[in-house]
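Enquirer: Dumping the structure here so I can ask a few things about it.
The values are calculated or read from the model by the stated rules, or taken from the named source; none is laboratory data. Predicted, not measured: the structure shown is a model, and the values here were computed from it. Don't worry about glycine lacking a Cβ; one is built from the backbone with ideal geometry, like all the others, and counts go over all protein chains shown.
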Amino acid sequence: MIRVRFAPSPTGFVHVGSLRTALYNFLFARHHGGVHILRVEDTDRTRYVDGAVENLLRTMEWVGITFDEGPTQGGEYGPYTQSERTELYRTHADTLVANVKAYRCFCTAERLDEVRKQMQAQGQPPMYDRHCRNLTTDEVKGKMDAGIPHVIRLRVPLGETITFNDLVRGDVSFESKTIDDQVLLKSDGFPTYHLANVVDDFHMKISHVIRGEEWLSSTPKHVLLYRAFGWEDSMPKFAHLPLLLNPDRSKLSKRQGDVAVEDFREKGYLPDALINFVALLGWNPSATEEIYSMNELISQFEIEKVNKAGAVFGKEKLDWMNSEYIRKKSPDELLEMVKPLVIARGYDVTDEYLKSVIVLMQERTRSILDFVDFSDYFFDAPKSFEEKSKLKNWTPEAKERLSELLPIFVAMTEWNHDSIEATIRSYAESKAISAGKLIHPLRLAVSGVGMGPGLFEMLALIGKNEVCERIQSALVNLV
RNA sequence: GGCCCCUUCGACUAGUGGUUAGGUCACCACCCUUUCACGGUGGUUGCACGGGUUCGAAUCCCGUAGGGGUCACCA
């Protein structure tokens, strides 16, 4: 039975790297008809952020990643929040101590700092010097009776080579002498990631651990833990995902731009586009097709085809994908997303009108935000005019023609795409000029910019009175 | 610095011994066109380097270089 888990710590927003990890776990589970589990790793009380779990749930729902077991839906192997399982970790840590696989360490933070500094000064990698590793039973008892705070550390065997198979990287080996006697249980009684992770993965019967590459170098510690517990036979398979990178190829970080899924949502990205884009960062089913629905991703996903090298999170392609998805949406679906933005800007329009705007703008939009940012002239007269277009189109001749055209517009009884086009073209013909000589200045006068949807449908939608007022106003105010 | 991982166009990638090294984004040109966008056509740009192995290497091996990750009582 395939059982995988997404195990975030609730420390705030959801990083797009986490999103991809969650997605791959989800795709892998769904592809194989397995179980997708959400486990909240909140063992660091100092980093806990209020509301982070709720935010996480909301974000997963928004992108369409679902869970079969987790804090909200429960399940056979709960609880799924680590802070509710501390007793389990404690007894497991005690068992390791009893079996001489771990030991109690009474070193102070100051001493540890000191040791690390010394080792670094000697050009050694900073590791714990195993000072408490060989305390006698009596010494330990004495310190415990004296109430000296302590941690429990893993007794890493010396002189072994630890090899494990990674589904994306093949066999990976580490010398045990390079592995620190890792803290398993902190002095506050909470487990560290390593202990909690291994204990939970075992008890939750996790079959595959799919996580970011930053965990690769701590995997031997986990392997050692499985061995110490005698769980080697049920050790999960590991798959370490390539990192998502900044443009400078460092690990994707907040400092260099948006990394929170929430940021992308706010900037007008569609969840389908984000998912599609992120899915193809580090994995590719064919290389000829670029657009995949969630169901297609599920049916095509193969963990073995995940790449080894990190992938730069390049926004241009995401923008392109977003525009592709916007074009595929129905006006009604878009209306739902655009309407709140329009209301937030203080514009008051009917759904019918807004939907017409959406239809006209849909093909020229890269973000949902563009429906208000680049379409404001549908809701209000332009407050400024684009300089470049003005220079090119707002000539004395153009103004003269518009002033002649204005009364013709006013006199029109029918106001629609065809009648407007006919009027403009016949006027242009009567003056023996190209229609473009009219169209461009008109666009500028009415919209304030030099680009946009077809002029005739635009004028038809904005309405005769408003159009005439804007022409009038431009003739007076635009120099 | 130790350890580990990685290396095909600017970016995402296909490619598993024989290809004119393919696709997508971006970029450029042209076409379409009332602008923009869409669409269409074409184009510039790449196997990090050096040695092997082989009739033949982007593909296999070994080095070098470069990049990244990790070395907490954080995950």
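Enquirer: Could you tell me whether any residue of the range A:408-423 is within 10 Å of RNA strand B (Cβ to nearest atom), closer than 30 Å to A:L341 by Cα and within 46 Å of the chain's Cα centre (by Cα)? Even if it seems obvious, please write down each step before you answer.
Expert: Here is the first cut: in the range A:408-423, the ones within 10 Å of RNA strand B (Cβ to nearest atom) are A:417, A:420-421.
When the remaining residues are screened for being closer than 30 Å to A:L341 by Cα, the result is A:417.
Pick out the ones that are also within 46 Å of the chain's Cα centre (by Cα) and you get A:417.
So far as the range A:408-423 goes, yes, one or more of its residues are within 10 Å of RNA strand B (Cβ to nearest atom), closer than 30 Å to A:L341 by Cα and within 46 Å of the chain's Cα centre (by Cα).
Enquirer: Follow-up. Here are A:V372, A:V410, A:V357: which of them is in a helix (DSSP H, G or I) and touching a Cys at 6+ places or on another chain (Cβ under 6 Å)?
Expert: Values: A:V372 fails: touching a Cys at 6+ places or on another chain (Cβ under 6 Å); A:V357 fails: touching a Cys at 6+ places or on another chain (Cβ under 6 Å).
The unique qualifying residue is A:V410.
Enquirer: Restrict the check to the range A:204-217 and report whether at least one residue is touching a Gly at 6+ places or on another chain (Cβ under 8 Å) and either of a type in the set (D, E) or more than 10 Å from RNA strand B (Cβ to nearest atom) (or both).
Expert: Scanning the range A:204-217 turns up at least one residue that is touching a Gly at 6+ places or on another chain (Cβ under 8 Å) and either of a type in the set (D, E) or more than 10 Å from RNA strand B (Cβ to nearest atom) (or both).
Enquirer: Checking A:R45 against (1) in contact (Cβ under 8 Å) with a residue 60 or more places away in the chain; (2) assigned to a strand (DSSP E or B), only one condition comes out false. Which one?
Expert: (2)
Enquirer: From the residues in the range A:29-88 that are touching a His at 6+ places or on another chain (Cβ under 9 Å) and hydrophobic (A, V, I, L, M, F, W, C), which one is farthest from RNA strand B (Cβ to nearest atom)?
Expert: Per the stated criteria, the residue is A:A29.
Enquirer: Among the listed residues A:A428, A:A435, identify the single one that is buried (at least 18 other Cβ atoms within 10 Å of the Cβ), modelled with pLDDT under 95 and within 14 Å of RNA strand B (Cβ to nearest atom).
Expert: A:A428
Enquirer: What is the one condition in (1) within 29 Å of A:D370 (Cα to Cα); (2) within 13 Å of RNA strand B (Cβ to nearest atom); (3) in contact with a helix residue (DSSP H, G or I) (Cβ under 7 Å, 6 or more places away or on another chain); (4) not charged (D, E, K, R) that A:M294 does not satisfy?
Expert: (2)
Enquirer: Quick check on the range A:304-318: of everything there that is more than 7 Å from RNA strand B (Cβ to nearest atom) and within 17 Å of the chain's Cα centre (by Cα), which residue is farthest from A:R255 (Cα to Cα)?
Expert: A:L318
Enquirer: Filter the range A:375-396 for residues that are touching a residue at least 40 places away in the same chain (Cβ under 8 Å), part of a helix (DSSP H, G or I) and either touching a helix residue (DSSP H, G or I) at 6+ places or on another chain (Cβ under 9 Å) or over 24 Å from A:A435 (Cα atoms) (or both) and give the result.
Expert: Answer for the range A:375-396, where residues must be touching a residue at least 40 places away in the same chain (Cβ under 8 Å), part of a helix (DSSP H, G or I) and either touching a helix residue (DSSP H, G or I) at 6+ places or on another chain (Cβ under 9 Å) or over 24 Å from A:A435 (Cα atoms) (or both): A:Y377, A:F378, A:S389, A:K390, A:K392, A:N393.
Enquirer: Do the conditions hold for A:R366, that is, is it loosely packed, with under 15 Cβ neighbours inside 10 Å and either of a type in the set (D, E, K, R) or farther than 29 Å from A:N477 by Cα (or both)?
Expert: no
Enquirer: Right, here's the next one. Does the range A:115-133 contain at least one residue that is within 14 Å of RNA strand B (Cβ to nearest atom), in contact with a helix residue (DSSP H, G or I) (Cβ under 9 Å, 6 or more places away or on another chain), outside any loop (DSSP other than H, G, I, E, B) and of a type in the set (S, T, Y)?
Expert: Within the range A:115-133, not a single residue is within 14 Å of RNA strand B (Cβ to nearest atom), in contact with a helix residue (DSSP H, G or I) (Cβ under 9 Å, 6 or more places away or on another chain), outside any loop (DSSP other than H, G, I, E, B) and of a type in the set (S, T, Y).
Enquirer: In the range A:279-299, what residues are surrounded by 16 or more Cβ atoms within 10 Å (Cβ to Cβ) and in contact (Cβ under 8 Å) with a residue 24 or more places away in the chain?
Expert: Residues satisfying the conditions are A:A279, A:L281, A:G282, A:W283, A:M294, A:L297, A:I298.
Enquirer: For the list (1) at pLDDT 95 or above; (2) within 30 Å of A:I148 (Cβ to Cβ); (3) within 16 Å of RNA strand B (Cβ to nearest atom); (4) out of contact with any Gly (no Cβ under 7 Å at 6 or more places or on another chain), I need the number of the one condition that A:Y24 fails.
Expert: Every condition holds for A:Y24 apart from (2).
Enquirer: Shifting gears a bit: I'd like the full set of residues that are of a type outside the set (D, E, K, R), surrounded by fewer than 22 Cβ atoms within 10 Å (Cβ to Cβ) and within 12 Å of RNA strand B (Cβ to nearest atom), limited to the range A:253-278.
Expert: A:S253, A:Q256
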